[in-house]
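Undergrad: One structure is given below, represented as structure tokens, and several questions about it will come after.
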Amino acid sequence: MTFVSRLILVAVLSVSAAVIAVAAIAFTASDKVGEEIERARVANLLGTLRASTEANLSIGLLLDQISLLQPRIEREKASDPSILAIDIFNAAGRAIYSTDRSVIGEEVTPGWVRNLASEEVWTEAERGDTVFGTRFENDLGVAGGISVTVSDEARSSRASRLGLDLVSRTAILTLAAALAASLAAVTFAYVLTRPFDRVARILSGEGATSNDDGPLTQLADETVKSWRDAEDRVDRGLGQLGALDDAA
């Protein structure tokens, strides 16, 4: 493999690796940002429902007396197709309100009740979906919790679309970058090797002398001149030796 070929190969591989690495980092960052946006959106919904529930509890209503919560959570679910279910349950773990009316009065997942000990928004993975939850309080302490089940399919679909888009764009960009790198490598190799090629031609007697390529070419010119001077001196010496032989 010639020097130019190796240089082109190194340039193309380096540029391609850089483009692919940037695309991978962009995909990871975008996916992470998508997760954070989803978490913030659900956390805002949980905060709104918690504030509404606690406001009604503070005026003396019991949890099962806040009838406006049922149509409220149904509207929230209908407005967001990624939400699979919203449940509001008491501290004992029994569902009081739910967008799935068939589970009202049933026991919720035991882990949800355990998570009521946390003041922060909690998450759990269930059957390929993600459950976000928080607790709400009354004057006596923890009164129950709210859970929002979100489908992971929507996020997976977004990630797939983003991945396909990035793959196509990365392929085009990699091709363009490879062509640019190849052109740059050829140009660089030509500029780098041109003086040496010129010197090689001068030393082999294939090119005329010139002072256009810098001190290296000038040195080659001087070397060729010194060779010629040496050849001339040798020829003169041989001629003188021949004359001496004839005189003898």
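Undergrad: Which whole-Hz couplings ³J(HN,Hα) result when phi for each residue of the stretch 141-146 is put into the Karplus expression 6.51 cos²θ - 1.76 cosθ + 1.60, θ = phi - 60°, listed in order with x for Gly and Pro?
TA: Coupling constants for the stretch 141-146: x, 5, 10, x, x, 10 Hz.
Undergrad: Taking the Cα-to-Cβ direction at residue 139 and at residue 176 and moving 7 Å from each Cα, how far apart do the two end points lie in nm?
TA: Taking the simple label geometry, residue 139 and residue 176 are separated by 6.8 nm.
Undergrad: Based on the Cβ-Cβ distance of residue 234 and residue 2, what FRET efficiency does E = 1/(1 + (r/R0)^6) give at R0 = 51 Å, to the nearest 0.05? Intermediate values should be presented prior to the final figure.
TA: Details: r = 38 Å, r/R0 = 0.74.
Computed FRET efficiency for residue 234 and residue 2 comes out at 0.85.
Undergrad: Right, here's the next one. Taking the simple approach of a point 7 Å from Cα along Cα-to-Cβ for both residue 36 and residue 157, what is their distance in nm?
TA: 2.5
Undergrad: Let me ask you something else. Per residue of the stretch 163-169, in order, report the coupling 6.51 cos²θ - 1.76 cosθ + 1.60 (Karplus, θ = phi - 60°) as ³J(HN,Hα) in whole Hz, putting x for Gly and Pro.
TA: Per-residue couplings from phi come out as x, 5, 5, 5, 4, 5, 5 Hz.
Undergrad: Something else now. With θ taken as phi - 60° and the coefficients 6.51, -1.76 and 1.60, list the Karplus ³J(HN,Hα) couplings across the stretch 69-78 in order, rounded to whole Hz; mark glycine and proline as x.
TA: Once rounded to whole Hz, the list reads 5, 5, x, 5, 5, 5, 5, 4, 5, 5.
Bear in mind these aren't lab numbers, they're just calculated from the coordinates by the rules spelled out. Since the model is a prediction, treat every value here as computed from it, not as a measurement. FYI the Cβ positions are ideal-geometry reconstructions off the backbone, even for glycines, and counts take in every protein chain you see.
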